[in-house]
Structures are given as C-alpha cells and as structure tokens.
Amino acid sequence: MPHANAPLTERGRLRLARCVVDDGWPLRRAAERFQVSPTTAKRWADRYRAEGPAGMVDRSSRPYRSPRRTPAPVERKVLHLRAKRRWGPARIGGRLGVAASTCHAVLRRAGVPRLAHLDRATGRPVRRYEHSAPGDLVHVDIKKLGNIPDGGWRTQGRAQGDRNKRAHTTRRHNAKPVIGYAYLHTAIDDHSRLAYTEILDDERKETAAGFWLRAQSWFASHGITVRRMITDNGSCYKSFLWRDTLRAAGISVKKTRPFRPQTNGKVERFHRTLADEWAYAKPYSSEAARRAALPAWLHAYNHHRAHTALDGHPPASRVPNLTGQNI
C-alpha cells in the first residue's frame, strides 16, 4: 500500500506507463507531468512493457536471499524448546547462546502464539469467545480478600505492624489474628464486560442468592436481561437455593470444568484487575477506607476505563442505553 506522501497510486502508475509506452511520451516529459523522477518513470514503464497492468502493484521488499538468516538447525532448536518447555525468547536464547531478539524473530516467522495466548497446562492456543449481545452470558465468581487492620498494613514499619497484629488478636492460648476476610461477589457481562461487585461477609448459599437478586436488578436497570450464567463448582453455586433462584428468573446455568478456572476467565481477569487497581493500589489506613473507595473505582471501570478487549473503549460503550450518559 503506498504511503501517505506517495505521488503515484497504482492507477497513477498505469497512466504514466501508458503515456510512455502507448502514447510515446519522452520519459522526462512524463516524469514532469506526474511529478516523479525520470528514473521512477522508466521503472514503471519497463514493468508495464514486461507485465502489463499487473506490474503496477506494490511488491514485497523482502530480499530473494538472506545469507545471514539464522541457520535452520538453530531455528528447529528454538521451536523445539518453545513447544516442549514453553519458554520465552530470553530463556531460549540463554540456553542456546543466541540473542533473544533472534529467538523472537524465529518464533514470529514460524507464527508461534505468544505465551500469554497459550494454556500453560497443555501448551495449546487459548480459544477465546465472546457472546454477541449483553445478557447472553454473565460470569459470576467470588474472590476472598484479607481485611486491613486499623492503622493499615505493615507499610509504617515492623513496629506498627506488630501493634496492629496484637490489636486484632484474641487472648486465647495460641490465638490467631481475628481480622477476618472480605468476600467480593462479582457478576460481569460476557459481551460488554459491565461489572457489578459487592463486598459481603461470607460465601454461603443465602448470601450468594441474595447477591444475585441485587445484581440481576442492577443489570435490568441498565437494560440488560440476563439469559445465561456461568459459575465455578463452589458449594453455594451447587445448592438447591441457588438453582431455584435462577430457575425462577428463567436463567440457565453452566458450570466450569473442575480445576479449570480459565473457563470462567473473564471474571477471573476482572478480579485480578480489581486487586491491582483498587484492593492493593495504595496503602489504605483501614478496611473501611478501602471499601469506601470501591464504588468510585467500579464506576470508572464501567464508564471510563479503556478496555483492551473492547478496542480501548469502556464497557458502557457496548450497552446502547448507557453510551454518553455517564461522564
């Protein structure tokens, strides 16, 4: 494809060549007419004589021969280590005594998927999917977080951390800290990545069912009717209460394969983002301060944060009635 400042397109080249070959124009006159050098005019005229209009297309700049290309035996070793060990270019290069950039070039030339796109257990490319409309599938999961003691984590030094630890320890023999845990219940839409999260005290069936009723109402308020759901095999999601709650709402349920969290990967990835950008983003002074920061972060995630899988747009951009309503 010609660059932005190219004076000739394929059609312009053909017109120039026909002026020289068919109409008998001198090279210099044709070059002045089309604002190129006589050398360029001669090149396109010669191609037209030899190949006709088909010769006006761009050709690859790749050389016919590459005498300094990595030898085939070394390339085979690079590909073998990648397939067998699932190593990156730097580690492969260290083993073979080859520059990491050379190993990277070999892997790209062979069309090898990036390690981030492979399933670590099998080495096979990850099959990604996305449902075509909001509500076609919602991912639900729970993430467990340790509560923050008053005074914050041990960011103020060992002495302050020890005081926090003693302040949250019972006086029983061999007592352990009783700081406790927070349970993040999350539902995220597969198509739009619109997410709803609550911080609750446990992961029992009654808590999970109550969370889903509120989440379903929240999705409905955003114009999303949930038709299908996927969860892991946690005890609360296998309970009769959970089954009856979803059945009453007309929602079909799918379970992930045992020991395969990748099946529920969208909510797993959301929890990782949530941990990086909210839960552990800064040294909060207390658990209450961290929890108070969650609503603002969720709003920013849903309405403002650029999402890689959505071509840099926020999740709300994929829900028609939300576009432009939250600034």
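The values are calculated or read from the model by the stated rules, or taken from the named source; none is laboratory data. Since we're looking at a predicted model, the values are computed, not measured. A quick note on method: Cβ atoms are made from the backbone with ideal geometry, for glycine too, and the neighbour counts reach across all protein chains shown.
In the range 50-74, the residues that are within 22 Å of V98 (Cβ to Cβ) reach residues that are surrounded by 10 or more Cβ atoms within 10 Å (Cβ to Cβ) and at pLDDT 90 or above with C-beta atoms within less than 7 angstrom, at least six apart or across chains, in these pairs: T70/T102; T70/V106; V74/L96; V74/V98.
If the condition is being farther than 23 Å from R243 by Cβ and among the charged types (D, E, K, R), then the range 186-200 contributes only R193. Among the numbered conditions (1) under 20 Å from E268 (Cα atoms); (2) in contact (Cβ under 8 Å) with a residue 60 or more places away in the chain; (3) surrounded by fewer than 16 Cβ atoms within 10 Å (Cβ to Cβ), the only one that G223 does not meet is (1).
Please specify each residue of the range 180-204 satisfying the condition of being under 23 Å from the mean Cα position of the chain (by Cα), of a type outside the set (D, E, K, R) and either within 25 Å of A288 (Cβ to Cβ) or part of a strand (DSSP E or B) (or both). Break it down into steps so the answer makes sense when it comes.
In the first step, residues of the range 180-204 are kept if they are under 23 Å from the mean Cα position of the chain (by Cα); the result is 184-197.
Filter again for of a type outside the set (D, E, K, R), leaving 184-188, 191-192, 194-197.
Correct list: L184, H185, T186, A187, I188, A195, Y196, T197.
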